Structure formats: C-alpha cells, structure tokens
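Engineer: One structure, pasted below without further comment.
The values are calculated or read from the model by the stated rules, or taken from the named source; none is laboratory data. Here the structure is a predicted model, which means the values were calculated and not measured. Ideal geometry is used to build each Cβ from the backbone, glycine not excepted, and the neighbour counts take in all protein chains shown. These area figures cover heavy atoms from the full protein model, side chains too; ligands, DNA and RNA do not enter into them. Shrake-Rupley method; radii C 1.70, N 1.55, O 1.52, S 1.80 Å.
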Amino acid sequence: MAVTDIWLVRHGESTANVAAARAEAAGADVIEVDHRDADVPLSALGEEQSRALGAELAERGVDDVPVALWVSPYLRAQQTIGIALAAGGLAEPPKRVDERLRDRELGVLDLLTRAGVRNRYPDEERRRQWLGKYYHRPAGGESWVDVKLRLRSLLVDLDRLEGPERLLIAAHDAVVMLTVAVCLDLDEPALMDFAATHTVANASLTRLRRDRPGAPWTLEEFSAVQHLAEDPDAEVTEHSGRKDDVRAG
C-alpha cells in the first residue's frame, strides 16, 4: 500500500488571528500577541471550529483506510487536530511532528500590520511590490518559494511510508496553499491566479488524490467549510495572509 490521498487541515482560529484582525481594524502598526508564533493557541472560536472539523472527519470516514498523521510543531495546529480527533471519537493515527510544516516565517515583518510594514519598513515594502509575493523574502523570513522548497522535501517522504493510504496533515494556510501548488506543479503565474480567487479558511479541509505513486495529483476539494456553516457554534473565518506579509497564522 502507498499514500494516494492527502487530507490537509488548516488550524482553527488562533488568538493571533483575532489580534491581527483587531490591529488591522484599528489602523495600528503592531499586532499585540502574548506568545511567540510557535506557542500561539486557539481562540475559543477556534476550539469550536476544531470540534466541528472532528465531526466532519468522522462522518467522511477519514479512518476507513490506514491513516498517517503529520503535524506542524506549532501549538495551534496540534491543538486543532487533537480536539478534532477527540470530538470525532477517532483514534490518533501514527503521528509525526515535522518542522517543515511550520507556518511561513515573516522575519522583521512579523507582528506588523499592512500599515506597520509601510510605515516602519518602506524599503521592504518597495521590494515586496517589485518582487511580488512569490519571490519576496523579508529579512530573516521566507518567501513562498522557500516554503515550497521545504514542502518538496517533505513530500518526497510520502513514498517511503509503508502501510498508510491516506495522509492527514494539520498545519497552516500557507502550507495548505503551497502543498497544493507543489502537488499540482503550479508555477508562479498559475499559483498567483489560483491564490487570487482561493483562500484557506480556518479549520477547513483540502483533499488531493492520485491513483498510485508517481501518478499526477488531482485537487478533489479545496478549503471545504460546510461543517462550520452547519454548526451554530463554529462560524467560518478566513484570516487570510493573501495580502502578503501580514501574519495570518
């Protein structure tokens, strides 16, 4: 057996998501967050979204075939999948915590709003405008290309797994978007066109499938959130990083 399905989960709403939205609305330069990025927890809404996700995973039969679980080392992703599995009554599959699934690093622009980037790092903003999101690497941070490179190395490990047919990944919006880009072999123009009309919602589910190892991947579903829309306690939130260099978590 080999992995023929990848199910990608973005973490539920985090406290940093809430803080970023508040700072943007207030026109502030800085996002006030009490934790380093790796330790940012879910918000109360994020926990509800994770429970709704767990019910959805159980209903879809995520464990109908042998499953492996790969998780970002960041707390919000680990909380999301832990809550989801418990809420769905699902046993935790064999788990690997992998640093290559961490969120995109923003370097000197971390914790800044769009206004903060313009006000405090105008030269960096000009570089971003010139290079575009795909290639722009803020000082001390990563470009989308950098994240794609680490995900390429991660996905090579798929064919080394023996037993699982389905891989469940719990991570971040950039990881979901760029895993899709790697699997579908999207270049810069194709990815930018896709990202212009698609965002990765909190606690959403994205699915990729192939017939066999070496066969091309197809995108079966992107950022599905019907489980949130159907749950009165778990509204849909996006908190997208699409506008570039704003922490979206």
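Engineer: So if we plug the beta-carbon distance of VAL156 and GLN129 into 1/(1 + (r/R0)^6) with R0 = 51 Å, what FRET efficiency do we get, rounded to 0.05?
Structural biologist: Efficiency, from the Cβ-Cβ distance: 0.90.
Engineer: Which of rounded, prolate or oblate describes the range 33-88 when judged by the alpha-carbon gyration tensor and an a/c cut-off of 1.5?
Structural biologist: Oblate shape, in that a/c is at least 1.5 and b/c is the bigger or equal ratio.
Engineer: Two-decimal Rg/Rh of the range 100-249 from alpha-carbon positions, Kirkwood Rh?
Structural biologist: Result: Rg/Rh = 0.99.
Engineer: Counting only trypsin sites (Lys or Arg not before Pro) that sit in a DSSP loop (anything but H, G, I, E, B) with at most 13 other Cβ atoms within 10 Å, what is the longest stretch of the chain containing none of them? Walk me through the numbers on the way to the answer.
Structural biologist: On the way: sites that count: ARG36, LYS243.
With a cap of 13 other Cβ atoms within 10 Å, the longest stretch comes to 37-242.
Engineer: If you don't mind, there's one more thing I want to ask. Please identify every one of the GluC sites (Glu not before Pro) in the range 163-239 that sits in a loop by DSSP and has no more than 11 other beta carbons within 10 Å of its own beta carbon.
Structural biologist: Within the range 163-239, the qualifying GluC sites (Glu not before Pro) (loop, at most 11 other Cβ atoms within 10 Å) are GLU230.
Engineer: Write down the accessible area per residue of the chain in Å², having rolled a 1.4 Å probe over the full set of protein chains.
Structural biologist: The answer is 43 Å² per residue.
Engineer: Determine the shape class of the range 1-139: with a ≥ b ≥ c the square roots of the Cα gyration tensor eigenvalues, call it rounded for a/c under 1.5, and otherwise prolate if a/b is greater than b/c, oblate otherwise.
Structural biologist: prolate
Engineer: Here's a follow-up. Quick one: what are the phi-derived ³J(HN,Hα) couplings along the range 183-195, Karplus 6.51/-1.76/1.60 with θ = phi - 60°, whole Hz, x for glycine and proline?
Structural biologist: Per-residue couplings from phi come out as 5, 8, 6, 7, 7, 4, x, 5, 5, 5, 5, 5, 5 Hz.
Engineer: Once you keep just the Cα pairs under 8 angstrom separated by 6 or more residues, what percentage relative contact order results for the chain?
Structural biologist: RCO, the chain: 32 percent.
Engineer: Calculate, in nm to one decimal, what GLU165 and ALA196 gain on full extension: separation in residues at 0.36 nm each, minus their alpha carbon distance.
Structural biologist: Difference between extended and current length: 8.0 nm.
Engineer: For Cα pairs less than 8 Å apart in space and 6+ apart in sequence, what is the mean separation divided by the residue count of the range 52-131, i.e. the relative contact order in percent?
Structural biologist: Rounded, it is 32 percent for the range 52-131.
Engineer: With θ taken as phi - 60° and the coefficients 6.51, -1.76 and 1.60, list the Karplus ³J(HN,Hα) couplings across the range 69-75 in order, rounded to whole Hz; mark glycine and proline as x.
Structural biologist: Karplus values, whole Hz, x for Gly and Pro: 10, 10, 9, 4, x, 6, 4.
Engineer: With unit charges on the beta carbons (Lys and Arg positive, Asp and Glu negative) and the dipole taken about the Cα centre of the chain, which residue among LEU168, LEU205, HIS35 sits farthest to the positive side?
Structural biologist: Working it through, the farthest residue towards the positive pole turns out to be HIS35.
Engineer: At q = 0.20, 0.22 Å⁻¹, work out log10 I(q)/I(0) for the range 154-243 with the Debye formula, treating every Cα as an identical point scatterer and leaving solvent out; two decimals please.
Structural biologist: Result of the Debye calculation: -1.05, -1.19.
Engineer: What is the percent carbon and sulfur in the accessible area of the chain, measuring with a 1.4 Å probe over the protein chains and ignoring ligands?
Structural biologist: Reported share for carbon and sulfur atoms: 49 percent.
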